[in-house]
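First comes the structure, then the notes that go with it.
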Amino acid sequence: MDQLGSRAPKKRSRALAVPVGLALTASLAFLPVVSASAAPLGNTADAAPASKADTSGPKLSYVANLNAYATMKAAKKAVERAGGTVVTTYEQIGVVVAHSQNPDFAEQLRAQRGLFVSVGATRTAPMTAARTTDEGATQQLSAADAAKAAAAAQEGQEPLEPNQWDLRTIKADKAHKINDGSRNVTVGIIDTGVDDTHPDLAPNFSKSQSANCVGGVADTTEGAWRPYADGSDHGTHVAGTIGAARNGIGVSGVAPGVKIAAIKVSEPGTSLFYTESVVCGFMFAAEKGIEVTNNSYYVDPWLFNCKTDDDQKALVEAIGRATKYAERKGTLHVASAGNSDQDLAADSLVDDTSPDDATPVPRTIDPKVCLDLPTQLPGVVTVSATGDKGLRSYYSSYGLGVVDVAAPGGDKWQVPDTPDANGRVLSTVPGGGYGYKQGTSMAAPHVAGVVALLKSAHPSATPSQLQAMLKAQSTKAACPTQIYNAAGTLVDATTCASKWGQTGYYGYGVIDALKAVK
């Protein structure tokens, strides 16, 4: 999430890794196989039609998660009887996406336990028109700074590479001398869209693996994956960090030889990331053979989704099923920890931003029960952010046993010795330009790029094997004595805990691109 690494334009403290001992429901660990021949429990599907459903409420979107014995045919009939319209179905994971104006739609479906495990609204406000984890607005690269960088570039460097302190931090510049990555590996950028016409992105862009998933149905028409005309530059910036080509133009990505694909999931106007769109994104990535996904956002409208709430429980279930399905198909997911400067391993946290599509109602939550999606789901690599000096970035969330690894996300107070002296991360922005962002949104794509290099070197490695290698190859980092706060003042790092060879700030350590290619 530059505003917080993961929710572009919405300020968000970005995402994290799953806490030790965190387990989702059995239905997430063992997804149901929905068979056309399987019989639903009871006679729900063939029950006499109920009276006409109430349509007096606002039009909302819902996800309905089938149980292990339900048929999709029966589920569809139940949705229609309750006054819903089926938008799309995912038989592979037993999920239905539907719209309804019936205020009791979810409750009526939940009552049919022979069909559904959970049902929930994906938003709290009527459908009109998720957030990213970047911290602050984009700072455009000036012509003067571009000229300074180009004048300082050495043989073999891209023109703006002298300003890319982040590449040198993880030894990506040295890795490029050995292996830029394989064209057989694709990183899917689930985000606000990517400008594939950018000269630094076009050489590596895979149109056949790109789509617009907004609303829950994949649209693969030409250019559907691009940012809205008035939309966010977030996805394009993330794309450059992962896979900007080494072509003598602009910047270099961490893995400049791999392919990148765009899966747009953010709503027009609001840039909110709703469950139905995100589920579509993971399922599309799985079916298109994408090896790595980058997720620099959290799923709106809840910063934390509590499994004790019927609606939020259904969102956890649906997205968990989708990420697990993609993982079984060979996809590893990377997500930002968020930009809230919160300890995700704490016993309790205050969430004062949810729901973000209506009036927020402050609440105290247990992050072991209320999850940041997709960050805290099992199998997802959670990433915290660091600056040029190696300190945790002032905005980055953290948590012992939650954060897996750390990576450069930028920190305006940690000023590097570069021509531009800018502590943020420089990358591509729409229209052929370049700009600076900071956030765990910028840290996650560095990890996605290193995972792509690992997959290039070990093409038969499974997602779990790639994650194990990523952690083992990271450079251990002890808790620092001081870090910068939001005001730029050095303060004691009293919130950093360590155990099991990990720390709450850095997880298993800072990623290393050179080890990945060796």
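With respect to residue 344, is the statement that it is within 25 Å of residue 178 (Cα to Cα) and either out of contact with any Gly (no Cβ under 7 Å at 6 or more places or on another chain) or buried (at least 24 other Cβ atoms within 10 Å of the Cβ) (or both) true?
no
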- Query: Restricting to segment 265-291, what's the tally of residues that are outside any helix (DSSP H, G or I) and hydroxyl-bearing (Ser, Thr, Tyr)?
  - Reply: 4
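So which residues in segment 257-273 are over 16 Å from the mean Cα position of the chain (by Cα) and surrounded by 23 or more Cβ atoms within 10 Å (Cβ to Cβ), if there are any at all?
258, 259, listed by residue number.
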- Of the numbered conditions (1) farther than 18 Å from residue 450 by Cα; (2) crowded, with 24+ Cβ neighbours inside 10 Å, residue 228 fails exactly one; give the number of that condition. (2)
- Query: With respect to residue 382, is the statement that it is under 18 Å from residue 344 (Cα atoms), in contact with a Leu (Cβ under 8 Å, 6 or more places away or on another chain) and surrounded by fewer than 24 Cβ atoms within 10 Å (Cβ to Cβ) true?
  - Reply: no
- Query: Is it fair to say residue 141 is closer than 30 Å to residue 298 by Cα, surrounded by fewer than 23 Cβ atoms within 10 Å (Cβ to Cβ) and not aromatic (Phe, Trp, Tyr)?
  - Reply: yes
- Task: Please name all residue pairs, on different chains or six or more residues apart, with Cβ atoms under 9 Å, provided the first residue is in segment 205-221 and is among the basic types (Lys, Arg) and the second residue is open to solvent by 70 Å² or more (accessible area, probe 1.4 Å).
- Result: 207/220; 207/222
- Task: Sort out which residues of segment 65-83 are open to solvent by 10 Å² or more (accessible area, probe 1.4 Å) and not in a helix (DSSP H, G or I), and write them in order of number.
- Result: 67, 68, 69, 71, 83
- Mind checking which helices (runs of 4 or more DSSP H) fall wholly inside segment 99-215 and carry at least 2 residues that are out of contact with any helix residue (DSSP H, G or I) (no Cβ under 6 Å at 6 or more places or on another chain) and at negative phi? 105-110, 143-152, 165-169
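The rows are residues; the columns are (1) surrounded by fewer than 24 Cβ atoms within 10 Å (Cβ to Cβ); (2) of a type outside the set (A, V, I, L, M).
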residue	(1), (2)
275	no, yes
281	no, yes
294	no, yes
318	no, no
322	no, no
329	yes, yes
333	no, yes
337	no, no
- By residue number, the members of segment 404-433 that are under 22 Å from the mean Cα position of the chain (by Cα) and farther than 16 Å from residue 391 by Cβ are 404, 426, 427, 428, 429, 430
- Message: Just checking, does segment 109-120 include any residue being within 30 Å of residue 336 (Cα to Cα), in contact with a strand residue (DSSP E or B) (Cβ under 9 Å, 6 or more places away or on another chain) and among the small types (Gly, Ala, Ser)?
- Response: yes
- Qualifying residues in segment 449-463 (those that are more than 18 Å from the chain's Cα centre (by Cα) and of a type outside the set (A, V, I, L, M)) - the one nearest to residue 510 (Cα to Cα): 455
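The values are calculated or read from the model by the stated rules, or taken from the named source; none is laboratory data. Worth saying up front: this structure is predicted, and the values here are computed from it rather than measured. Reconstructed Cβ throughout: ideal geometry from the backbone, glycine too, with neighbour counts over all protein chains shown. Ligands, DNA and RNA are excluded from the accessible area calculation, which covers all protein heavy atoms including side chains. Shrake-Rupley method; radii C 1.70, N 1.55, O 1.52, S 1.80 Å.
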